[in-house]
Structures are given as C-alpha cells and as structure tokens.
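The structure appears right after this line, and notes come after that.
The values are calculated or read from the model by the stated rules, or taken from the named source; none is laboratory data. The shown structure was predicted, so the numbers you read here are calculated from the model rather than taken from an experiment. Calculation scope for accessible area: heavy atoms of the full protein, side chains included, ligands and nucleic acids excluded. Shrake-Rupley method; radii C 1.70, N 1.55, O 1.52, S 1.80 Å.
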Amino acid sequence: MKGNYTYVWVSLVILVFGIIFIPKIIDRVKDGKVVDGDRHKIGEQHKDIGKEELVAIGEVPQFSFTDQNNQKISNKDYKGKVYLVEFFFTTCPTICPVMNQNMVKIQEAFKDNSDFGIASISINPENDTPEVLKAYAEKHGATHPNWHFLTGDQDAIYRLANNGFNMYAGVNPEVKGGFEHSGMFALVDQDGNIRSRLDTFGNPLVYYDGLEQQGIDMLKEDIAILLGI
C-alpha cells in the first residue's frame with residue numbers, strides 16, 4: 001500500500017512539472033532563446049585557439065550605404081580587412097551607448113591597424129543622416145579611419161539585418177526609442193566571411209555579445225587571430 005502512495009506522489013510531481021515548465025521550454029525553443037541566448041551563456045573563453053577554430057558561418061551579403069563623411073561604402077570597401085558589423089541608432093536610449101562604448105574599446109586595441117574596420121549601420125536612417133552620424137561618431141570617440149557609420153534606404157537596411165545577417169531590427173513604438181535591434185556584433189574576415197569561435201559543446205556562437213565584457217574579450221582575441229598578430 002505504501003508503494004502505491006509513493007507511485008501516486010511521483011506521478012503527481014511529474015504532472016505538475018510538465019504543466020508549469022514544459023510550456024515555458026517550448027516557448028523558448030520557438031522564439032530562439034534556447035538556441036541563441038543559452039548558447040551565448042554557455043560559451044566560454046577558449047585560450048590559445050587557432051584560426052582554423054574560427055569557423056565560417058556564411059558570406060556577408062552585399063551592401064552599399066552612405067557614411068558619416070557622405071562617402072558611398074560597400075562590403076567591397078572592407079575587402080582584405082577584418083571588421084565588425086553592428087546595427088544601432090543614434091537616439092537609442094538603452095543598449096546602443098553600451099555597445100558603442102565597447103566598440104571603442106575594441107577600436108583602441110587595433111587603432112593603428114589599417115586592416116581592421118567597423119561598420120555601424122543605423123536602423124533609423126530617416127533621423128540618422130550623414131551629418132547626424134558624424135556628430136555621433138565624434139561624440140563617442142570613433143576615430144579609426146575604417147569605422148564607418150552607415151545610413152541609407154530603410155527597407156534595404158532591414159533586409160540586410162533581418163534576412164542577410166539574421167540580426168533582428170524593427171520598428172516598435174512600444175519600446176523606448178521606438179526601435180528594437182540585436183545587441184550582437186558580427187565578425188567578418190578578410191574574404192568577407194562571417195566567422196565565429198565554438199562554444200564548449202562545439203557549436204558556433206555565430207555572433208558575439210556586444211554588451212558583456214566576455215564577448216568583447218573574445219572579439220579582441222579572435223580579431224587578433226584573423227589579423228595574424
């Protein structure tokens with residue numbers, strides 16, 4: 001009789017667990033949080049990794065926009081350079097200031113290297129004209145000659161972000177600033193391939209966390225590896 005009570009109790013616990021937790025797990029799988037967010041949490045810094053361990057994720061889509069100096073800049077202008085790609089906007093009140101503070105840290109690590117570059121692409125081009133971007137770049141300490149703040153057709157920018165890089169960007173009047181976007185940085189090699197280190201399970205991180213120091217440290221290491229320094 002006692003064994004029956006134990007069986008009933010265990011069954012009840014399993015049932016409650018399923019009711020409470022399984023829907024949450026399913027939701028996280030659907031919205032990509034298990035695949036993306038958890039992968040970045042479990043990714044650890046790997047010391048002394050080699051270039052061959054920075055796997056190619058795919059080729060950077062073609063793009064062509066106008067920078068803060070009113071110059072046309074395309075992916076071809078980055079050919080032969082190791083560079084980072086981010087999506088941001090100048091009036092962002094939340095994550096953009098942190099992202100670009102961290103980007104400046106990376107810039108400083110490679111400030112004398114002409115084979116390094118950055119592409120900061122605005123998701124609010126209506127406001128972010130070349131003049132606005134130039135003032136923003138100066139205010140935030142962007143001094144590297146290969147750091148281009150880019151603006152252009154909004155539809156083309158959103159296609160590049162959402163379909164080309166799969167780094168979400170969109171209009172959302174419900175959030176502060178009116179726009180949503182990823183806080184991740186993409187690392188691109190000299191041949192125009194998106195590159196990434198692997199996590200502890202052998203899966204590519206794909207993109208690097210632009211908000212946390214661990215992601216910035218990883219990027220500094222991996223940029224140096226690609227540059228061969």
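Remarks
- At the residue level, residue 206 shows approximately 40 square angstrom of accessible surface with a 1.4 angstrom probe and all protein chains present.
- If the segment from residue 193 to residue 143 were pulled out straight at 0.36 nm per residue, it would be longer than the present Cα-Cα gap by 15.5 nm.
- Under 5 Å between amide hydrogens, built in the peptide plane, is the criterion, and for residue 184 it picks out 210 among residues at least 5 positions away or on other chains.
- Sequence-ordered 3J(HN,Hα) estimates for region 103-119 from the Karplus curve with 6.51, -1.76 and 1.60 and θ = phi - 60° stand at 5, 5, 4, 5, 3, 5, 6, 10, 5, 9, 9, 6, 8, 10, x, 9, 10 Hz, glycine and proline given as x.
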